[in-house]
Amino acid sequence: MDPDVVNFAFVMIVCVLSLGCLAVIGTWTFRAFRGHKDPERLPQENYDERFAQLQQSVDAIAVEVERIAEAQRFSTKLLSDGARVPVEMEDR
């Protein structure tokens, strides 16, 4: 058999197999994207409960942050007042 015919047959087999594989991959990809539906929606009352819980959590965090800020202001004031003490009083 002629070597050119063998090479041509081999190239055609590779081309057909490549197109077949690409077709299968494309079909799977199309089905995967088409098959996904929107996630199920939770009932509205569940959203309301979760939102209320989130709001309570944020309020609690805000109170704690305010306490931290107040403690920081208090300790800063104590440190700054301590720096004003005269040197003679510290020796006694």
Self-check item: Qualifying position, being modelled with pLDDT under 95, part of a helix (DSSP H, G or I) and either surrounded by 10 or more Cβ atoms within 10 Å (Cβ to Cβ) or in contact with a helix residue (DSSP H, G or I) (Cβ under 6 Å, 6 or more places away or on another chain) (or both), among 34, 50
Solution: 50
Quiz item: Taking the stated definitions as given, is residue 60 surrounded by 10 or more Cβ atoms within 10 Å (Cβ to Cβ) and modelled with pLDDT of 95 or more?
Solution: yes
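The values are calculated or read from the model by the stated rules, or taken from the named source; none is laboratory data. Since the model is a prediction, treat every value here as computed from it, not as a measurement. All Cβ positions, glycine included, derive from the backbone under ideal geometry; neighbour counts span all protein chains shown.
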